[in-house]
Amino acid sequence: MNISLSVNDLLACCGFMCGDGCDGGYPISAWRYFVRHGVVTDQCDPYFDTTGCSHPGCEPAYPTPKCVRHCVDKNQIWRKTKHYGVNAYRIKTDPYDIMAEVYKNGPVEVSFTVYEDFAHYKSGVYKYITGDVMGGHAVKLIGWGTTDDGEDYWLLANQWNRGWGDDGYFKIRRGTNECGIEEDVVAGLPSPRNIAREAAI
C-alpha cells in the first residue's frame, strides 16, 4: 500500500497535543495522533506551499494550515479517507536497535539539534564543527552505511527541499550520538486497512 497522507491534517488538526504546528512539535505525539484519530489522504486535504521558502533563515516561514475537516473534492467524505496506525513507540538509543527497526519495519523518525553549519551541508558525512544552535529538527532516517574511509553514517531524508544538501538527503555520523541523533527515535506501524473508527475529532 503506497498512500500519501495529509500534512494539513496532522499539522492543523492535532493541535496543541502535537506541539505548535509548523513551528515544531513532538514526534511521538504525532504518531499517537495517527493511531488514535487517523490521518486523511493528501488527495483529500493537500498542502499548497505559497511561500517558496523551506529552509533555515528563509523568510517567511511555513504557515500552519487551518484544520478544515473536509475534502477539497466534495465527492469524498473526510472521515472515510482516514488511515490509522496500529501503534506508536520509541526505539532504544543503541545504534543496533535502530538499525534492526529500520531493517524490519522501514524508516523511523529522529530528532536532533541543528547548528548553523548544518544549513550549509552539501555532501559527505555531517559532523558538527561550528555555529550556534538553530533549534531542534525531526527527519526521516532511512538507512545506514560506511564510507570507503571507514566512517559509519546514518542516511536521512530532510524535508526542506531538494535543492538543499544532497538532493534533499544527508548523511550524519553514526554511533556517536552526533547532535543527539540517536537519543529520540520514534516510529509506528500503519493499519493494513482503512478502518472507519469512532474517534473524538
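For residues that are crowded, with 16+ Cβ neighbours inside 10 Å and among the polar types (S, T, N, Q), tally how many sit in segment 98-122.
Selection size over segment 98-122: 2.
Can you list residue pairs whose Cβ atoms sit under 8 Å apart, with the first residue in segment 71-84 being touching a residue at least 40 places away in the same chain (Cβ under 8 Å) and in a loop (DSSP other than H, G, I, E, B) and the second being open to solvent by 60 Å² or more (accessible area, probe 1.4 Å) and of a type in the set (D, E, K, R)? Count only pairs 6 or more apart in sequence or on different chains.
Partner pairs satisfying both residue conditions: 82/197; 84/197.
So which residues in segment 125-146 are open to solvent by 40 Å² or more (accessible area, probe 1.4 Å), in a loop (DSSP other than H, G, I, E, B) and not aliphatic (A, V, I, L, M)?
127, 128, 130, 132
Could you grab me the full set of residues in segment 98-109 that are more than 26 Å from residue 46 (Cβ to Cβ) and touching a residue at least 24 places away in the same chain (Cβ under 8 Å)?
Selection gives 98, 99, 101, 102, 105.
What are the residues in segment 77-97 that are modelled with pLDDT under 95, open to solvent by less than 50 Å² (accessible area, probe 1.4 Å) and over 25 Å from residue 20 (Cβ atoms), if any?
Matches in segment 77-97: 81 only.
Condition check: farther than 25 Å from residue 101 by Cα and open to solvent by less than 20 Å² (accessible area, probe 1.4 Å). Does residue 165 satisfy that?
So residue 165 passes the test.
Go through segment 2-42 and report how many residues are open to solvent by 40 Å² or more (accessible area, probe 1.4 Å) and assigned to a helix (DSSP H, G or I).
10
Among the residues of segment 38-76 satisfying the criterion of being at pLDDT below 90 and of a type in the set (A, V, I, L, M), which is nearest to residue 23 (Cα to Cα)?
It comes out as 61.
What number of residues in segment 180-192 are open to solvent by 20 Å² or more (accessible area, probe 1.4 Å) and either under 17 Å from residue 137 (Cβ atoms) or touching a His at 6+ places or on another chain (Cβ under 8 Å) (or both)?
Within segment 180-192, residues that are open to solvent by 20 Å² or more (accessible area, probe 1.4 Å) and either under 17 Å from residue 137 (Cβ atoms) or touching a His at 6+ places or on another chain (Cβ under 8 Å) (or both) number 3.
Applying the selection to segment 147-162, what residues are under 19 Å from the mean Cα position of the chain (by Cα) and either in a loop (DSSP other than H, G, I, E, B) or over 26 Å from residue 99 (Cβ atoms) (or both)?
Scanning segment 147-162 gives 158, 159, 160, 161, 162.
Taking segment 136-157, which residues are touching a Gly at 6+ places or on another chain (Cβ under 7 Å) and either of a type in the set (Asp, Glu) or at pLDDT below 95 (or both)?
Within segment 136-157, 136, 152 qualify.
Hey, does segment 95-103 have a residue that's assigned to a strand (DSSP E or B) and touching a Gly at 6+ places or on another chain (Cβ under 9 Å)?
Scanning segment 95-103, I find no residue that is assigned to a strand (DSSP E or B) and touching a Gly at 6+ places or on another chain (Cβ under 9 Å), so the answer is no.
Given (1) under 20 Å from residue 22 (Cα atoms); (2) of a type in the set (A, V, I, L, M, F, W, C); (3) part of a strand (DSSP E or B), where does residue 119 come up short, assuming only one miss?
Exception for residue 119: condition (3).
Residue 114 - would you say it is farther than 21 Å from residue 14 by Cβ, aliphatic (A, V, I, L, M) and outside any loop (DSSP other than H, G, I, E, B)?
yes
Is it the case that some residue within segment 128-137 is touching a Cys at 6+ places or on another chain (Cβ under 9 Å) and in contact (Cβ under 8 Å) with a residue 40 or more places away in the chain?
Yes: segment 128-137 contains one or more residues that are touching a Cys at 6+ places or on another chain (Cβ under 9 Å) and in contact (Cβ under 8 Å) with a residue 40 or more places away in the chain.
The values are calculated or read from the model by the stated rules, or taken from the named source; none is laboratory data. The structure presented is a predicted model; accordingly, all values stated were derived computationally and were not measured. Cβ atoms come from the backbone with ideal geometry, glycine included; neighbour counts cover every protein chain shown. Side chains are part of the model used for accessible areas, which takes the heavy atoms of the whole protein and leaves out ligands, DNA and RNA. Shrake-Rupley method; radii C 1.70, N 1.55, O 1.52, S 1.80 Å.
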